[in-house]
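Notes to accompany the following structure.
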Amino acid sequence: MANKQITVTSPLLPSLEEFTPYLKDIWDRKWLTNNGHYHQELERALAEYLGVEYISLFTNGTLPLITALQAMRITGEVITTPYSFVATTHSIWWNGLTPVFVDVDPATGNLDPQKIEEAITPKTTAIMPVHVYGNPCDIEAIQEIADRYGLAVIYDAAHAFNVKVNGRTILDAGDMNTLSFHATKTYNTVEGGALICHDARTKKRIDYLKNFGFAGETTVVAPGINSKMDEIRSAYGLCNLKHIDNAIAARKKVAQKYRAALSNVPGISMFKERDDVTYNYSYFPIFVDEKEYGISRDALYEKMKEHNVLGRRYFYPLISSFAIYRGLPSATKENLPVATRMADEVICLPMHAGLTDEDVNRVLELVCNKGNV
Ligand SMILES: *Cc1c(COP(=O)(O)O)cnc(C)c1O
């Protein structure tokens, strides 16, 4: 291929010039992890940037999910979405709990509140929704159900870094919210994540749990895990935070170009954007209706690849179809028709701050011409 490769994602990186003085500080202090200087600074900076009060940094985005279920002492069954990254359901499994899959709303890709209610049993204790692609869930409807049945709500907000509704963060919804700062996400600390809660007491418990359960030098209060973020990645995160607004603005431009050019292509559909939502443009999913478009999603995906343009079938296959989970009563295709169709039709187009106009045009030319360019 003569054309340069266009990847689906590319990490936001601080410059070496700005990162190096931080490293020098860390070397001088010789304090590498365990709630160090930059760890504390990043927690404060993120709390302020995101508009939340209590946030705990983690070593990745999966352990806050696992820890949230621990912190809230969840038991029995947890209602969740099959249309997500596997970590969502894995976190339930790692706690010895039973995931119960519920279908999604075709307008958002998120858990359909009406179907949540139908899936509640006497064993249900929690709901774990995902703001997929950064599309906000129907937070009010989910909370109303949770309150009526006495259920906890833990949001996997891995895609929803700084997403707002009417100018207000959605990271204060439910009981807890988790973030991922993996290299492929909108904001990254190489690997990393966070758990957001609503009060100081709960944050304290979370901070114990991410440090083996230690509450002081000689006291262990819970079977905690090790999920501490170190000083090097905290410093990297502080550097990246200076660039995140520009990065999101660049993503928005890409999204606007995609949306304008694809809005009248027969057989290609996209999620509608809401006027009251501030998006982070973390992904740009399109859905390929084979009958109307003329070729299948997989055919388009392969054609793009032939032209060195990498899309991602994200989320395909559904979590519920993996061998670990497919035996569950809620995992059948009949129970999950909307999610099944979305998984069969989706391609996430290349989306990152480094895409040039030329790159975007190459992607669009392929999608508009069924890969024949
Ligand atoms: C990325 C992601 C995670 C896991 O985060 P890691 O930082 O990779 O552990 C969890 N849930 C969703 C929806 C994700 O996209």
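The values are calculated or read from the model by the stated rules, or taken from the named source; none is laboratory data. Note that this is a predicted model, so its numbers are computed, not measured. Methodologically, a virtual Cβ is constructed for each residue, glycine included, from the backbone with ideal geometry; neighbour enumeration extends over all protein chains shown.
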*Would you check if P129 is away from the ligand (no atom under 12 Å from the Cβ), buried (at least 18 other Cβ atoms within 10 Å of the Cβ) and within 25 Å of T332 (Cβ to Cβ)?*
no
*Output the residues belonging to region 144-185 that are within 16 Å of the ligand (Cβ to nearest atom), more than 12 Å from the chain's Cα centre (by Cα) and of a type outside the set (A, V, I, L, M, F, W, C).*
G174
_Residue list for region 46-67, filter: within 17 Å of K185 (Cβ to Cβ), assigned to a helix (DSSP H, G or I) and either of a type in the set (F, W, Y) or within 14 Å of the ligand (Cβ to nearest atom) (or both)_ = Y49, L63, P64, L65
*How many residues are of a type in the set (V, I, T), at pLDDT 95 or above and part of a loop (DSSP other than H, G, I, E, B) when one looks only at region 320-373?*
3
_Filter pass, V265 being over 30 Å from L46 (Cβ atoms), at pLDDT 95 or above and buried (at least 17 other Cβ atoms within 10 Å of the Cβ)_ = yes
*Hey, could you check region 146-192 for residues that are in a loop (DSSP other than H, G, I, E, B) and polar (S, T, N, Q) and say which is surrounded by the fewest Cβ atoms within 10 Å (Cβ to Cβ)?*
N166
*Has region 222-240 got any residue that is closer than 24 Å to N110 by Cβ, at pLDDT 95 or above and within 16 Å of the ligand (Cβ to nearest atom)?*
no
*For region 71-94, indicate whether the set of residues that are assigned to a loop (DSSP other than H, G, I, E, B), within 11 Å of the ligand (Cβ to nearest atom), among the β-branched types (V, I, T) and buried (at least 19 other Cβ atoms within 10 Å of the Cβ) is non-empty.*
yes
_Scan region 24-43 and tell me whether some residue there is touching a helix residue (DSSP H, G or I) at 6+ places or on another chain (Cβ under 7 Å) and within 16 Å of the ligand (Cβ to nearest atom)._
yes
*Failed condition for P14, given (1) crowded, with 19+ Cβ neighbours inside 10 Å; (2) in contact (Cβ under 8 Å) with a residue 40 or more places away in the chain, with all others met?*
(1)
*Which condition does K204 not pass, out of (1) in contact with a Phe, Trp or Tyr (Cβ under 8 Å, 6 or more places away or on another chain); (2) among the charged types (D, E, K, R); (3) more than 16 Å from the ligand (Cβ to nearest atom), if it passes all the others?*
(1)
